[in-house]
Amino acid sequence: MGAVSEVAQSEPDIIGMSKKGLLITAREDMALSQVSRSVRLLLGQIQRCRPALLSNQTARCLSQAASQPEPSADENEAVNPTFVNRNPRNLEQMALAVKDRGWKTTWPHREFYHRLMFSRSQHHVTAQVFSSCSPIPVLSCSTKEWAVKKELASTNCVAACQAVGEVLAQRCQQAGITRMVYRAIPWTYRSDSVQSFRAAMKAGGIILSEPRRKYVGS
């Protein structure tokens with residue numbers, strides 16, 4: 001009987017211990033589930049914040065690269081080893097180009113950049129502009145041209161000289177030659193034809209003289 005009673009007393013203890021064990025395991029499972037849930041939330045937040053962190057890092061890198069550029073030679077600042085003067089008349093317009101003086105006994109003088117020549121024959125009137133570096137005329141106008149001849153009643157009168165001066169002055173303006181030397185033959189300087197030609201050239205904006213050459217000290 002004593003053994004039976006001890007067995008009867010031990011059964012409730014075993015049941016209670018089993019219940020306690022079940023409660024402990026349930027609590028542990030709940031704690032693990034909470035921990036796993038918190039870990040999942042933390043991982044989700046990290047994944048969400050990761051693109052923003054990467055973008056901030058890239059922005060910082062770009063800002064640092066922009067604020068501290070590497071020194072490099074600019075193409076516009078590079079010096080060309082060969083120089084080409086694209087405006088060869090620049091020195092001429094500043095009166096710094098060399099003038100060929102020639103002999104003092106020669107006439108007309110050769111000290112000029114551009115020279116105007118006017119000639120009148122029995123049939124036609126011709127005006128030409130020569131450069132100091134070429135015997136070929138740079139610009140010319142004559143009553144032999146049909147565009148001028150068809151507007152004139154006579155090709156060697158005073159009106160023809162005036163028309164040639166007006167046309168040549170317009171061509172000189174288009175070519176950019178506005179100053180030149182003109183020395184008429186002394187015994188024809190006061191003639192009406194030469195005076196009308198000179199007046200037409202001046203009215204067209206042409207200066208019949210050149211500035212004296214400037215000598216720059218070395």
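Points worth noting:
- Exposure ranking of ARG110, ARG37 by accessible area [1.4 Å probe, largest first]: ARG37, ARG110
- Positive dipole terminus of segment 153-218, leading residue within ALA199, VAL216, ALA160 (C-beta point charges): VAL216
- Rounded to the nearest 20 debye, the dipole size of segment 72-179 about its Cα centre is 680 debye, using +1 on the Cβ of Lys and Arg and -1 on the Cβ of Asp and Glu.
- With all pairs of different C-alpha atoms in the average, the Kirkwood value for the hydrodynamic radius of segment 161-218 is 12.5 Å.
- For segment 134-180, size of Cβ-based charge dipole, Lys and Arg +1, Asp and Glu -1, in debye: 80 debye
- Modelled label positions at ALA95 and THR178, each set 7 Å beyond Cα in the direction of Cβ, lie 1.5 nm from each other.
- Radius, Kirkwood style, for segment 107-218 when every pair of distinct Cα atoms is counted (Å): 14.5 Å
- Gained length - SER209 relative to SER191, 0.36 nm times residue gap less alpha-carbon distance: 4.5 nm
The values are calculated or read from the model by the stated rules, or taken from the named source; none is laboratory data. Predicted model, so just to flag it, every value in this text is computed and none were measured. Glycine also receives a Cβ, built like all others from the backbone with ideal geometry; neighbour counts cover every protein chain displayed. These accessible areas exclude ligands, DNA and RNA; they are computed on the full protein's heavy atoms, side chains included. Shrake-Rupley method; radii C 1.70, N 1.55, O 1.52, S 1.80 Å.
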